Amino acid sequence: MEDAGRAALKRTIFFLSDHTGLTAEAIGRSLLSQFQGIDYDVVHRSFLHSMEKIEKVVQEIDHIASESGSRPIIFSTLVDPAFRKRLKACNGLVIDYFETFTGVLEDELQTASCHKYGQVHSMTNANAYHDRIDAVNFALTNDDGTIVRNYPAADLILLGVSRSGKTPTCLYMALQYSILAANYPLTEDDLESRSLPESLQPFQEKLYGLTIDAYQLQRIRQERRATGRYATLEQCQWEISAAEKLYKRHRIPYIDTTTMSVEEIATKILAKTRRI
């Protein structure tokens with residue numbers, strides 16, 4: 001009974017950063033994924049460049065701790081020592097990545113760290129940064145099959161029925177790996193035909209399919225548009241079955257996204273296609 005009560009507890013998670021917070025969130029979510037049965041409220045606070053902003057976050061953390069009766073868990077990539085010292089005084093569990101890793105690296109490299117924020121995105125990495133921005137713009141421009149003329153430039157083209165995870169996966173690939181990813185939604189006409197859509201035929205080596213459990217798809221669709229045939233279980237089952245038959249018919253590799261995070265989907269696809 002004690003374990004069940006503990007598992008039912010809802011905790012608040014903070015991802016804090018002096019920049020975008022992507023690193024703090026990526027590592028934090030990876031660590032949290034090892035703990036099952038715990039519900040989380042997630043709070044993002046990015047671009048924390050002043051003590052005034054730090055003070056507001058500390059007050060927010062302390063307020064939640066007082067109201068909920070449990071300490072928030074804070075994943076931080078703050079670089080400034082003064083900010084980090086102030087954060088440690090909050091009523092939360094602070095997981096400070098720089099404190100954890102920088103000291104051992106300084107000892108090993110025999111060099112002091114510079115304690116400057118934004119170094120990952122500094123001009124020394126300008127080319128990589130701009131590549132990621134270009135890839136994000138590509139994913140947005142080539143979302144949901146609205147534009148197909150850019151497919152020759154794509155690294156990957158994701159296929160799938162509506163709400164199977166195409167768009168977030170493309171954006172994650174772009175932001176994290178600079179992959180030029182487009183996506184194409186399989187319509188009923190596509191699924192009823194035995195042929196690959198004409199706009200995709202020249203690019204079969206770039207195609208990768210997504211599939212998903214019908215019950216999960218129904219839940220997702222009901223949140224978006226609960227009325228009509230779109231969100232019925234029967235429609236979801238038919239579309240998924242037809243999509244998988246299309247993948248097999250045309251030897252398109254595909255992945256089941258049902259129990260996977262966007263990060264896992266993207267990483268597995270890129271690993272299988274040997275792009276990372």
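What follows is calculated from the coordinates using simple rules that are stated; it is not laboratory data. Here the structure is a predicted model, which is why all the values come from computation and not from measurement. Here Cβ is always computed from backbone atoms with ideal geometry, including for glycine, and neighbour counts include all displayed protein chains.
Where does each of Asp18, Asp189 land when they are ranked from fewest to most other beta-carbon atoms within 10 angstrom?
In increasing order of surrounding Cβ atoms, one gets Asp189, Asp18.
Most exposed first by the Cβ proxy, i.e. fewest other Cβ within 10 Å, how do Ser76, Ser195 rank?
Ranking Ser76, Ser195 by Cβ neighbours within 10 Å, fewest first, gives Ser195, Ser76.
Taking only Cα atoms, what is the 0 to 90° angle, nearest 10, from helix 262-272's long axis to the longest principal axis of the chain?
Tilt relative to the chain: about 60 degrees.
Kirkwood hydrodynamic radius, computed over distinct alpha-carbon pairs, for the chain: how many Å, to one decimal?
Taking every pair of different Cα atoms in the chain, averaging 1/r and inverting gives 21.5 Å.
Is the C-alpha gyration tensor of region 124-272 telling us rounded, prolate or oblate? Criteria: a/c under 1.5 is rounded; beyond that, a/b larger than b/c is prolate, otherwise oblate.
It is prolate, given that a/c is not under 1.5 and a/b is the larger ratio.
How do Cys90, Cys170, Cys236 rank when sorted from fewest to most other Cβ atoms within 10 Å of their own Cβ?
The fewest-first ordering by Cβ neighbours comes to Cys90, Cys236, Cys170.
Please list the non-local residues whose amide H lies under 5 Å from the amide H of Ile95, H modeled 1.01 Å from N, same-chain partners needing a gap of 5 or more.
For Ile95, whose amide H was placed from the backbone, the distant partners under 5 Å are Ile74, Phe75, Ser76.
Karplus couplings for region 190-206 from phi (6.51 cos²θ - 1.76 cosθ + 1.60, θ = phi - 60°), rounded to Hz, Gly and Pro as x?
Working through the residues one at a time gives 4, 6, 7, 8, 8, 9, 6, x, 4, 5, 9, 4, x, 10, 4, 5, 9 Hz.
Roughly how tilted is helix 22-32, in degrees to the nearest 10 and between 0 and 90, from the longest Cα axis of the chain?
So the inclination is approximately 90 degrees.
Could you work out how far the C-alpha centroid of region 127-151 sits from that of region 209-266, in angstrom?
24
For the cross-link pairs Lys53/Lys85; Lys10/Lys53; Lys10/Lys166, which exceed 19 Å when the distance is taken from alpha carbon to alpha carbon?
Lys10/Lys53; Lys10/Lys166
What angle do you read, to the nearest 10 degrees and between 0 and 90, between the alpha-carbon axis of helix 233-249 and the longest principal axis of the chain?
80
Classify region 185-276 as rounded, prolate or oblate, taking a ≥ b ≥ c as the square roots of the eigenvalues of its Cα gyration tensor: rounded when a/c is under 1.5, otherwise prolate if a/b is larger than b/c and oblate if not.
Judged from the Cα gyration tensor, region 185-276 comes out oblate (a/c at least 1.5, b/c at or above a/b).
Specify whether the C-alpha gyration tensor of region 2-120 places it in the rounded, prolate or oblate class, a ≥ b ≥ c being the square roots of the eigenvalues: rounded for a/c under 1.5, otherwise prolate if a/b is larger than b/c and oblate if not.
Cα axes put region 2-120 in the prolate bin.
Evaluate the relative contact order of the chain (contact order divided by residue number), counting alpha-carbon pairs under 8 angstrom at least 6 apart; express in whole percent.
Relative contact order of the chain: 13 percent.
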